[in-house]
Amino acid sequence: MAESLPPTKSPKPVQQLAAEACKQVPENYIQSKDADIQPSCPLLDLASIDLSLLSSSTPSPAREKELSKLRSTLSSCGCFQAINHGISDDFLDKVGEIGKSFFALPMEEKQKYGRSPDDTEGYGNDSVLSEHQILDWTDRLYLTVSPEEQIKYNLWPANPENFREVLKEYIKKLTALNELLLKAIALSLNLEENSFVNQFGDRDRASKVARFNFYPPCPSPDLVLGVKPHADGTVLTFLLQNKDVEGLQVLKDGQWFRVPIVPYAIVVNVGDQAEIMTNGVLKSPVHRVVTNTERERNTLAVFFCPDSNSEIGPVEKLITEERPRLYRNTRNFVGLFFQNYQQGKRPLDVVRI
Ligand code: OGA
Ligand code: NI
């Protein structure tokens, strides 16, 4: 997917800009007035889904209720808080800690894992593709975790020492949740359980990417965004947030809402590929990240996508007379995503009929 990107310049780490205590943020981070940044917009009343109820294989009233809640939240705002997911608090603390420890390393140490200008992977920030591009107030560590032969271990930090082991273990646990949820979502839409799992193609070749996001405090939260509005190019995204620093906002019915923090819950959202597979029944939510003047924020987003060679498209049963086919079948949607992302264009529009 990186092959299609033109060569780029990498800007200075945002962490460094923040440390230089610049009262004035560089101009290329300032959003236009249309961005309508509202750091304190209303709080979203976000559904919590109890995954332990979804995992039982026998139908029960409690499971039916959870499935209908799942369908309702995914077709209205595209996301939910996953609770009772079976991953222990202690382990989630470890996962949060490996990201924090990495960004706390000296700059020279982090630069060893620096993203090369023509790649998306490694430590760095936005690819600068045009002079007028407005940059995000964030540094990232972006790593492919699957398929195995695409992993670039030279970009995986040696510090903290348990980085590799903890990340691998976390992805293994999320892989089980991904499958559980894909099946539950299919059932909630009255489809055959494997309708979406089957579109993943060869399981060992599914694409799983981890993105550690680091948002330093920002002197101008009303002018700058941590991440500009976007929808994810995934089927499902799993986001582990700081336990106590908010920042994520979701667009629902044309209005921005803050996503509340529920400690040890994992925020799950559907991405564009889920919107395609469900022929638009589920909405891939547009979201963004705001900054604050006081506290740094760390998050870990894990992106699940089918094998890039696998063809995906709307499930036949969801194409009806009332709901004609909205999207073309496609392969390597993630490639399309990166061609459009920095220009703020939605790749969904490219496959829309
Ligand atoms: C992302 C994302 C949100 C956050 O990485 O795609 O939307 O709160 N992150 O870090
Ligand atoms: Ni996102």
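Report yes if Pro106 is away from ligand 2 (no atom under 16 Å from the Cβ) and surrounded by 14 or more Cβ atoms within 10 Å (Cβ to Cβ), otherwise no. The answer is no for Pro106. Between a residue in segment 159-181 that is of a type in the set (Asp, Glu) and any residue that is in a helix (DSSP H, G or I), which pairs come within a Cβ distance under 8 Å, given they are 6 or more apart or on different chains? Once the first residue is of a type in the set (Asp, Glu) and sits in segment 159-181, its partners that are in a helix (DSSP H, G or I) give Glu169/Phe91; Glu179/Val197.
Taking the conditions exactly as written (touching a Cys at 6+ places or on another chain (Cβ under 9 Å), of a type in the set (Val, Ile, Thr), more than 12 Å from ligand 1 (Cβ to nearest atom) and touching a residue at least 40 places away in the same chain (Cβ under 8 Å)), does Val235 satisfy them or not? Quick ask: steps written out before the conclusion?
Numbers: touching a Cys at 6+ places or on another chain (Cβ under 9 Å): yes; of a type in the set (Val, Ile, Thr): yes; more than 12 Å from ligand 1 (Cβ to nearest atom): yes; touching a residue at least 40 places away in the same chain (Cβ under 8 Å): yes.
Criteria met by Val235.
The sole residue among Asp34, Asp119 that is within 30 Å of Asn159 (Cβ to Cβ) and either charged (D, E, K, R) or surrounded by fewer than 17 Cβ atoms within 10 Å (Cβ to Cβ) (or both) is Asp119.
If we keep just the residues of segment 251-285 that are of a type in the set (A, V, I, L, M, F, W, C) and open to solvent by 50 Å² or more (accessible area, probe 1.4 Å), which is nearest to ligand 1 (Cβ to nearest atom)?
Step one: list which residues in segment 251-285 are of a type in the set (A, V, I, L, M, F, W, C), which gives 251, 256-257, 259, 261-262, 265-268, 270, 274, 276-277, 281-282.
From what is left, the residues that are open to solvent by 50 Å² or more (accessible area, probe 1.4 Å) are 251, 262.
Working: Leu251: 12, Val262: 14 Å.
The qualifying residue nearest to ligand 1 (Cβ to nearest atom) is Leu251.
So how many residues does segment 271-311 have that are of a type in the set (Gly, Ala, Ser) and either farther than 24 Å from Tyr327 by Cβ or without any contact (Cβ under 8 Å) to a residue 60 or more places away in the chain (or both)? I'd like the intermediate steps shown before the answer.
Step one: filter segment 271-311 for residues of a type in the set (Gly, Ala, Ser), giving 271, 274, 280, 284, 301, 308, 310.
Within this subset, residues satisfying the condition of being either farther than 24 Å from Tyr327 by Cβ or without any contact (Cβ under 8 Å) to a residue 60 or more places away in the chain (or both) are 271, 280.
Number of matching residues: 2.
In segment 301-353, which residue that is of a type in the set (Asp, Glu) and open to solvent by 80 Å² or more (accessible area, probe 1.4 Å) is farthest from Val270 (Cα to Cα)? Steps first, answer last, please.
Step one: filter segment 301-353 for residues of a type in the set (Asp, Glu), giving 307, 311, 316, 321-322, 349.
Add one more test, that the residue is open to solvent by 80 Å² or more (accessible area, probe 1.4 Å), and what stays is 311, 316, 321-322, 349.
On the way: Glu311: 18, Glu316: 19, Glu321: 25, Glu322: 23, Asp349: 17 Å.
This residue is Glu321.
Restricting the first member to segment 79-95 and to residues that are of a type in the set (D, E, K, R), and the second to residues that are open to solvent by 30 Å² or more (accessible area, probe 1.4 Å), the beta-carbon pairs closer than 7 Å and six or more apart or on different chains are Asp89/Tyr264. Filtering Asp202, Asp244 for residues that are away from ligand 1 (no atom under 15 Å from the Cβ) and at pLDDT below 95 leaves a single hit, Asp202.
Only one residue in Leu54, Leu44, Leu74 is out of contact with any Phe, Trp or Tyr (no Cβ under 6 Å at 6 or more places or on another chain), under 20 Å from Asn269 (Cβ atoms) and modelled with pLDDT of 95 or more. Which one? Outline the logic, then answer.
Values: Leu54 fails: modelled with pLDDT of 95 or more; Leu44 fails: out of contact with any Phe, Trp or Tyr (no Cβ under 6 Å at 6 or more places or on another chain).
Residue meeting the stated conditions: Leu74.
All of Asn178, Asn162 fail the test of being closer than 18 Å to Pro306 by Cα and either surrounded by 15 or more Cβ atoms within 10 Å (Cβ to Cβ) or in contact with a helix residue (DSSP H, G or I) (Cβ under 7 Å, 6 or more places away or on another chain) (or both), apart from Asn178. Take the conditions modelled with pLDDT of 90 or more, over 23 Å from Thr175 (Cβ atoms) and either out of contact with any strand residue (DSSP E or B) (no Cβ under 8 Å at 6 or more places or on another chain) or not aromatic (Phe, Trp, Tyr) (or both) and apply them to Gln31. Does it pass? Against the criterion (modelled with pLDDT of 90 or more, over 23 Å from Thr175 (Cβ atoms) and either out of contact with any strand residue (DSSP E or B) (no Cβ under 8 Å at 6 or more places or on another chain) or not aromatic (Phe, Trp, Tyr) (or both)), Gln31 qualifies.
When the residues of segment 290-322 are filtered to those that are of a type in the set (A, V, I, L, M, F, W, C) and closer than 30 Å to Pro217 by Cβ, the one that is nearest to ligand 1 (Cβ to nearest atom) is Ala301.
The values are calculated or read from the model by the stated rules, or taken from the named source; none is laboratory data. Because the structure is predicted, anything quoted here is derived from the model rather than measured. As a convention, Cβ positions derive from the backbone with ideal geometry for all residues, glycine included, and neighbour counts pool all protein chains shown. These accessible areas exclude ligands, DNA and RNA; they are computed on the full protein's heavy atoms, side chains included. Shrake-Rupley method; radii C 1.70, N 1.55, O 1.52, S 1.80 Å.
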